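S.K.: I have a structure I would like to understand better, so I am pasting it below and will then ask my questions one at a time.
The values are calculated or read from the model by the stated rules, or taken from the named source; none is laboratory data. Everything numeric in this text was worked out from a predicted model, so none of it was measured. Positions of Cβ are backbone-derived with ideal geometry, glycine not excepted, and every protein chain shown enters the neighbour counts. Keep in mind that these areas ignore ligands, DNA and RNA; they rest on the heavy atoms of the full protein, side chains included. Shrake-Rupley method; radii C 1.70, N 1.55, O 1.52, S 1.80 Å.
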Amino acid sequence: MSENAWIRRGMWVLGAALCPMLGCDPEPEPEPTPGTRVQLRVPLYSYIPDAAGDGLEAMAARIESDFERQHPEVDLVVNPSCFKDDLYEPAQLASSLMGEGDCAYDVVETDTSILGELVGTGAVRPWSALPQGSNWHPAGVAASTLDGKLYGVPHWLCTHYIVSRSESVSNARTVDELVQILSSRKTPEVDLAANLLGSWNLPSLYLDAWTDTYGPSQVQSAVTTENYDAQVIAGLKKLAGACETSTGNPCIDGTYDAAENFDLPATLFAEGKADVTLGYSERLHTILKKLPEGANREELRISPAPLGEGNQPLLFTDSFFLGARCVDECEKAATAFVSYMSQASTFAWILLSEDAPEAGRVPRYLMPAVLDAYQQPGLKEDPFYQRIDSSTRTGGAFPNRGLLEIRKTMRDHILRELSTARAP
């Protein structure tokens, strides 16, 4: 038993001794019998803003302490220090979920774009139901479901956004409108700063553009290495053309794709060196941190990126997956954990970066899969969060199978097309 547990036990014993004299009945001791706690190990999705700059340690510690206060029978281990698996490699995740690797765990949070492949390993099994009492975004639930079975409890959503300082840019409804508006502004700054490379990123942009053009209902059919849609490709070429400079195209020549330049497009926009940047909503976190002193954050605009002949958001989902060997008491603990993580109040403190020091704190601007979170104090008053909510309520679900094995081929084909792009 830990030192804190012995202190709590001692206080309970003292209270029990005094109660007969004070005329009270002692409350049952909440601390479970030593050795009966069930351990639950959970790696979280790591590609989120590190608001405290500590490798998400403070966030993980608060999740553990808050949850264990509500569930003292569980020893929760968030982000085990031994975790080294690639969250987008189903074989690695499967080995650890089955207890075969060097870092076994019971639940993992990852992207539903690999749901079909992860289920195919046999290392995960369906949840019995979603946690009750939450208003789930339908796209998150759809992305977490395969063959009618709920394999994931949705946690985060994301989609492609345009961040600008222009109402007309924010109101663009097609890629043609967006490019024309940017070109007409004739500012000395580059029109667009964005990373359009990556074996996941570029195919995802294509699928989002396909959805903008044709709607989300049949987007799974666009996960293919054949018959790329000419209209969609043409729109992406125009978008890439908005990145052209006198010295090249940093959006597709690798400049922004280098690991050390991950934040460069957002930084250039924050510093006023680019009219527009494109990325997920959490890029706002970086932009606000990088704004020069005295800059007016109220002039910033965020809106779903029009990448095709329309503007229908396509939503990615990160969900919690239950390991096949997590049964009985482990499953009870896992169910309690995802219920805690699905509470609007839990979302709120994570979204508002309350794990970071108050001085200089910037919200993460992630998209919660539970819509109730947007009405929590602090989020309800934030115009960026409210814009993110209202503009994506009707978003469709990103495909949850098939992309893993063909994404590099898709990237190479699309990139060949984009590499001939020139600013209009």
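S.K.: Counting only the heavy atoms of the protein chains, how much of Arg301 is accessible to a 1.4 Å probe, in Å² to the nearest 10?
M.R.: 80
S.K.: I've got another one for you. Just to check, using Stokes-Einstein with a Kirkwood Rh over alpha carbon pairs, what's the diffusion coefficient of region 112-181 at 25 °C and 0.890 mPa s in µm²/s? Before the final figure, lay out the partial values.
M.R.: Working: Rh = 15.0 Å.
Estimated via Stokes-Einstein, D reaches 163 µm²/s.
S.K.: Also, I was wondering about something else. How are the Cα pair distances of region 271-392 distributed, in percent, across 5 Å bins from 0?
M.R.: P(r) for region 271-392, in whole percents per bin: 2, 9, 17, 19, 17, 14, 10, 6, 4, 2, 1, 0.
S.K.: Kirkwood hydrodynamic radius, region 255-339, all distinct C-alpha pairs: what's the number in Å?
M.R.: Details: mean 1/r = 0.0606 Å⁻¹.
Across region 255-339, the inverse of the average 1/r is 16.5 Å.
S.K.: Starting from the alpha-carbon convex hull of the chain, give the projected area averaged over all orientations, in nm².
M.R.: Numbers: hull surface 92.4 nm².
Answer in nm², one decimal: 23.1.
S.K.: In what sequence, largest accessible area first, do Glu282, Glu381 appear using a 1.4 Å probe? Don't skip to the answer; put the middle values down first.
M.R.: Numbers: Glu282 20, Glu381 125 Å².
Result, largest first: Glu381, Glu282.
S.K.: In addition: Identify all aspartates and glutamates with a Cα-Cα distance to Lys289 below 18 Å; exclude those on the same chain that are fewer than 8 residues away in sequence.
M.R.: Straight-line reach from Lys289, under 18 Å: Asp50, Asp54, Glu260, Asp263, Glu271, Asp275, Glu298, Glu299, Glu354, Asp355, Glu358, Asp382.
S.K.: Report the far tail of the P(r) of region 108-237, meaning the percent of Cα-Cα pairs longer than 25 Å. Write down the numbers at each step before the final one.
M.R.: Numbers: 3534 of 8385 pairs.
In whole percent, the long-distance tail amounts to 42.
S.K.: Also, I was wondering about something else. If you line up the long axis of helix 230-241 against the longest principal axis of the chain, both from Cα atoms, how many degrees apart are they, to the nearest 10?
M.R.: 90
S.K.: Jot down the radius of gyration and Dmax of region 320-424, Cα atoms only, both in angstrom.
M.R.: For region 320-424, the Cα radius of gyration and maximum Cα-Cα distance read 19.8, 62 Å.
S.K.: Compute the relative contact order of region 30-182 as a whole-number percentage, counting only Cα pairs closer than 8 Å that sit 6 or more residues apart in sequence.
M.R.: Working: 159 pairs, mean separation 28.5, N = 153.
So the answer I get is 19 percent.
S.K.: I'm checking a number: the convex hull volume of the Cα atoms of region 33-181, normalised per residue, in Å³. What is it? Mind showing how you got there, number by number?
M.R.: Numbers: hull volume 28.2 nm³, N = 149.
Looking at region 33-181, the number lands at 189 Å³ per residue.
S.K.: Right, something else. Using only the alpha carbon atoms of region 49-115, find the Kirkwood hydrodynamic radius as the inverse mean reciprocal pair distance, in angstroms to one decimal. Can you show the working numbers first?
M.R.: Numbers: mean 1/r = 0.0744 Å⁻¹.
When all Cα pairs of region 49-115 are included, the Kirkwood radius is 13.4 Å.
S.K.: If I take the Cα coordinates of region 150-199 and project them onto the principal axes, what are the three extents in Å, biggest first?
M.R.: Result for region 150-199: principal-axis Cα extents of 49, 24, 19 Å.
S.K.: Using the alpha-carbon centroid of each, what span in Å lies between region 135-167 and region 87-119?
M.R.: 20
S.K.: Compute the Rg to Rh ratio over region 274-315 from the alpha carbon atoms, using the Kirkwood formula for Rh, and round to two decimal places.
M.R.: Rg/Rh: 1.02.
S.K.: Can you give the relative contact order of the chain as a percent, counting alpha carbon pairs under 8 Å and 6+ residues apart?
M.R.: Details: 777 pairs, mean separation 109.5, N = 424.
It comes to 26 percent, rounded to a whole number.
S.K.: Hey, got the dipole for region 87-183? About the Cα centre, +1 on K and R Cβ, -1 on D and E Cβ, debye to the nearest 20?
M.R.: Values: 4 positive and 11 negative charges, 67 e Å.
The calculated dipole for region 87-183 is roughly 320 debye.
S.K.: Which entries of Lys186/Lys273; Lys237/Lys408; Lys332/Lys380; Lys186/Lys238; Lys186/Lys237 show an alpha-carbon separation above 22 angstrom in the structure shown? Could the numbers behind the result be given before it?
M.R.: Working: Lys186/Lys273 13 Å; Lys237/Lys408 19 Å; Lys332/Lys380 33 Å; Lys186/Lys238 16 Å; Lys186/Lys237 20 Å.
Checking Cα-Cα distances, Lys332/Lys380 exceed 22 Å.
S.K.: Given Cβ point charges of +1 (Lys, Arg) and -1 (Asp, Glu) and nothing else, what value in debye, to the nearest 20, does the dipole of the chain about its Cα centre take?
M.R.: Details: 34 positive and 58 negative charges, 185 e Å.
For this selection, approximately 900 debye.
S.K.: State, as an integer percentage, the relative contact order of region 324-424 based on alpha-carbon contacts under 8 Å between residues 6 or more apart.
M.R.: Relative contact order here is 17 percent.
S.K.: Still on this structure, I have one more. May I ask which residue of Pro154, Phe384, Ser303 lies farthest towards the positive end of the charge dipole of the chain, with charges of +1 (Lys, Arg) and -1 (Asp, Glu) on Cβ and the Cα centre as origin?
M.R.: Ser303
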